Amino acid sequence: MKHIVLSLAVFALTGCSALVPSAVARLYQVSPLEADPADLAVALVLPDTLDVKSRSAKITFVAERADTGETSNGVYTLRVRSGDGGQTVFDIADADRDDLRRQQTLIRGWKQTSGDATSGSVSVTFEGCSVGAGPSQDDTVSVLLRTQADGDFFTLVRNASVADALDVLELTTIDPC
């Protein structure tokens, strides 16, 4: 699928070797239900031979109530905010922020009325494309997150192989940009 997938719940369970353990602990202290969508940002550190396809970056919030079977699934567009210092920063598009706020309010209500029966996950996906000759077997990807506008980015995934990050067997299958 050529997507970089950051699923906070999945990384915590899979033991991904590139996952930064201190980031997992920090994530448990930061609730995506409390973070202002205007403050959330994701930064990618990519090799010069890899880029993100235009408009392919998305963040997905999913929640489920086991007691009622209700689900809430919101997919929101991430836009490129800046790209310097070897990293590209994405934030939630203005048009999607109010929808995410409504979903957060819904899920917070579920947590108040059925705490243990409510579970959820957050995932970030980007479709990669190759630049020039494309990435090599030695190229890596890092993923950072910021939950407060005045806060620092913290590393979630450090130096994951491009092949693992994009879930491809052959790097030559990555489409050119």
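The values are calculated or read from the model by the stated rules, or taken from the named source; none is laboratory data. Remember, predicted model here, so these are calculated numbers, not experimental data. A quick note on method: Cβ atoms are made from the backbone with ideal geometry, for glycine too, and the neighbour counts reach across all protein chains shown. The area values use the complete protein model at the heavy-atom level, side chains included, leaving out ligands, DNA and RNA. Shrake-Rupley method; radii C 1.70, N 1.55, O 1.52, S 1.80 Å.
Taking amide H atoms as placed 1.01 Å from N in the peptide plane, the amide H of Leu50 lies under 5 Å from those of Val131, each 5 or more residues away in sequence or on another chain.
Computed from backbone phi with θ = phi - 60° and the Karplus coefficients 6.51, -1.76 and 1.60, the 3J(HN,Hα) list for region 159-167 is 6, 6, 5, 4, 4, 5, 4, 8, 6 Hz; x is used for glycine and proline. The residues packed around Thr118, meaning those with a beta-carbon under 14 Å from its beta-carbon, carry a net charge of -1 if Lys and Arg are +1 and Asp and Glu are -1. Charge tally around Ile59: other residues with Cβ under 12 Å, Lys/Arg +1 each, Asp/Glu -1 each, net 0. For region 83-177, the solvent-accessible area of protein heavy atoms averages 52 Å² per residue (probe radius 1.4 Å; ligands and nucleic acids excluded). Full extension of the chain segment joining Arg158 with Gln112 gains 13.1 nm, where the gain is 0.36 nm per residue of separation less the Cα-Cα distance. Karplus-derived 3J(HN,Hα) values for region 71-79, using 6.51 cos²θ - 1.76 cosθ + 1.60 with θ = phi - 60°, are 9, 9, 10, x, 10, 10, 6, 9, 10 Hz; glycine and proline are entered as x. Atom-type composition of the exposed protein surface of region 32-169 places 44 percent of the accessible area on carbon and sulfur (1.4 angstrom probe).
Accessible-area rank, largest first, for Ser56, Ser121: Ser121, Ser56, with all protein chains present and a 1.4 angstrom probe.
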